[in-house]
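Single-structure report; data block below.
The values are calculated or read from the model by the stated rules, or taken from the named source; none is laboratory data. This one's a predicted model, so the numbers in the text were calculated from it and none came from an experiment. Positions of Cβ are backbone-derived with ideal geometry, glycine not excepted, and every protein chain shown enters the neighbour counts. We work out accessible area using only protein heavy atoms, side chains counted, and drop any ligands, DNA or RNA first. Shrake-Rupley method; radii C 1.70, N 1.55, O 1.52, S 1.80 Å.
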Amino acid sequence: MNVVFAVKQYVSKMIEDSGPGMKVLLMDRETTGIVSMVYTQSEILQKEVYLFERIDSQNREIMKHLKAICFLRPTKENVDYLIQELRRPKYSIYFIYFSNVISKSDVKSLAEADEQEVVAEVQEFYGDYIAVNPHLFSLNILGCCQGQNWDPAQLSRTTQGLTALLLSLKKCPMIRYQLSSEAAKRLAECVKQVITKEYELFEFRRTEVPPLLLILDRCDDAITPLLNQWTYQAMVHELLGINNNRIDLSRVPGISKDLREVVLSAENDEFYANNMYLNFAEIGSNIKNLMEDFQKKKPKEQQKLESIADMKAFVENYPQFKKMSGTVSKHVTVVGELSRLVSERNLLEVSEVEQELACQNDHSSALQNVKRLLQNPKVTEFDAARLVMLYALHYERHSSNSLPGLIVDLRNKGVSEKYRKLVSAVVEYGGKRVRGSDLFSPKDAVAITKQFLKGLKGVENVYTQHQPFLHETLDHLIKGKLKENLYPYLGPSTLRDRPQDIIVFVIGGATYEEALTVYNLNRTTPGVRIVLGGTTVHNTKSFLEEILASGLHSRSKESSQVLSRPASRR
């Protein structure tokens, strides 16, 4: 179950099926992103695709010597653009691929528009999602719910993305969902409807143990997206932001022109592939080794190109050298900027207190540490508000809850009203009232003993002691212990055996920390394959935007009044 490979295969097949000759790849805004995640432009150029165009671009030239490969989402807008295109074709022949199920009436409209008979074929290739890592996919949707209910347009897009994923991996799963979330139940029903309606598409070879789709809601764990991260991929997203593998470095002091935007893709960057899940401390020493390796391979300034053989060797090695030079300068710049932000924002100290808030249960120590950091001028308003949010979530019902005082401290520090209001919005989004799970206190004797022993032993790394709640959920699922009264099956049938192929989808967005959890479970659990997806992949900034978009902030007060409501489950 490799989502990058699945989408890559679709793109390769489209190009192969169109046969030899020069081609143009015609895409829309979303499919451009989908393709760019799995193929670089230079890789596609080697397959005789010399031009990349957007279907909505008005001023495309007529080029009858090119074949057109159209890869589009089956939206009304795209079908209309195609109808216009086919009435006045700019290219010699058209191979049309939709990224999802297209209606018969739309196909009929296209056939009627194709008076010049330029369409060679129309097919459905289900690459309708962003393949981020082999085991992680996203739909790039920010703000999927209004309050705690789906925005109808986003529910439709999410259903399409999730069913396309199942089709691309050739899985017809049993479905379980988080009972405490109305949105999870709704999505489960919509996916099931599509599987029932398009049953012919989902007729795959039966496996002994059916695959399982587990649908979760972000509000069950609002802690994970609020934490600073210390593994490479997660840290880059948290501090710099990753958008379709691209990182904007234009704000970095003294940045050179060619490094203003860099691409980090494990598919064609060996250093990144080997280091994306490692801790920041290890990255530093690996960068040093990369630099030393580079220095050895660097052509000597005084190297004389005396013979034809010298010149030939130089030319042959130069592309390799050039690529390595680009890799080195890119990672040195990224790691340098991460280091600068860590020290400028005092993130080691901030992160230590975040981890204490997420993992320990000592209220007076936590409160003292938060208050101390709020006095520190190096701590930004963003990090100050994040600490208070974590405190508000953990000690929401604590008898000595001091949230009103911390809100006053935020105001005195000069933290903007937007962030102060977000504190209670975060609690409304992911507080005890809406959670189906108990995030903070261990539930049984085994868990309590584990926590006690962990406390005695100490943790290997104080900055990465937090485990996302997803780890416990998947651990229980793999062992066949996930409670059906909390995560029921949709429909009458249940899984008798332990699941082997698991697709987890998080409404409201997954995180890179959860992707790391899935990566480690895949590595250490023989016979189990897990893919994680979300409406988006969050860092703290985008997670807070998700909460703002849900409209919860507009009802929040700038105090802890929200915390004293009577409990009611959603």
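Observations on the structure shown:
- Both radii were evaluated on the Cα set of the stretch 315-419; the Rg over Rh quotient, with Rh as the Kirkwood radius, amounts to 1.25.
- Rounded to whole numbers, the Karplus 3J(HN,Hα) couplings from phi for the stretch 198-208 are 9, 4, 5, 5, 9, 7, 9, 4, 5, 9, 4 Hz, using 6.51 cos²θ - 1.76 cosθ + 1.60 with θ = phi - 60°, and x at Gly and Pro.
- Surface share of carbon and sulfur [accessible, 1.4 angstrom probe, percent] for the chain: 50
- Computed with a 1.4 Å probe over protein heavy atoms only, the accessible area of V252 comes to about 20 Å².
- Think of it as helices only: each DSSP H run of n ≥ 4 in the chain is worth -39500 (n - 2.57), and spread over all residues that comes to -14500 deg cm²/dmol at 222 nm.
- Shape category assigned to the stretch 171-218 from the gyration tensor of Cα positions, a/c cut at 1.5: oblate
- Distant alpha-carbon pairs in the stretch 9-157 (separation over 20 angstrom), percent: 50
- Solvent-accessible surface ranking, highest first, for I195, I93 at 1.4 angstrom: I93, I195
- Y126 - accessible surface, heavy atoms, 1.4 Å probe, Å² rounded to 10: 20
- The string of couplings for the stretch 399-413 from the Karplus curve (6.51, -1.76, 1.60, θ = phi - 60°) is 4, 9, 3, 10, 4, x, x, 5, 5, 5, 4, 4, 4, 5, 6 Hz, one whole number per residue in order, with x for Gly and Pro.
- The value for the chain of Rg(Cα) / (2.2 N^0.38 Å) is 1.06.
- Of the trypsin sites (Lys or Arg not before Pro) found in the stretch 472-556, those in coil by DSSP whose Cβ has at most 15 other Cβ atoms within 10 Å are K479, K481, K483, R496.
- Global geometry of the stretch 138-180, whether rounded, prolate or oblate, following the gyration tensor of its Cα atoms and the 1.5 cut on a/c: oblate
- Summary of the geometry: the stretch 463-511 and the stretch 149-228, compared by the centres of their Cα atoms, lie 13 Å apart.
- For the chain, the longest principal axis of the C-alpha atoms and the axis of helix 3-17 are separated by about 10°.
- Crossing angle, helix 363-375 versus the chain [Cα axis fit, 0-90 degrees, rounded to tens]: 60
- Efficiency of FRET between L341 and E43 - r from beta-carbon atoms, R0 35 angstrom, step 0.05: 0.60
- Per residue solvent-accessible surface (Å²) - the chain, probe of 1.4 Å: 47
- Placing unit charges on the Cβ atoms only, positive for Lys and Arg and negative for Asp and Glu, gives the stretch 43-100 a dipole magnitude near 180 debye about its Cα centre.
- The C-alpha atoms of the chain define a longest principal axis, and helix 512-524 lies at about 80 degrees to it.
- Mean separation of Cα contacts under 8 Å, 6 or more apart, over the residue count of the chain: relative contact order %: 19
- Annotation: T31 carries an accessible surface of approximately 0 Å², with a 1.4 Å probe and no ligand, DNA or RNA atoms counted.
- Estimated FRET transfer efficiency when R0 is 60 angstrom, pair I62-E352 (beta carbons, to 0.05): 0.45
- Distance between the stretch 270-298 and the stretch 85-127 - C-alpha centres, whole angstrom: 47
- Loop GluC sites (Glu not before Pro), the stretch 174-214, which have at most 16 other Cβ atoms in a 10 Å radius of their Cβ (DSSP): E198, E200, E203, E208
- Once the Cα-Cα distance is subtracted from the 0.36 nm per residue extended length, the R54 to M22 segment shows a gain of 9.8 nm.
- The trypsin sites (Lys or Arg not before Pro) of the stretch 61-168 that DSSP puts in a loop, and whose beta carbon has at most 12 other beta carbons within 10 Å, are K64.
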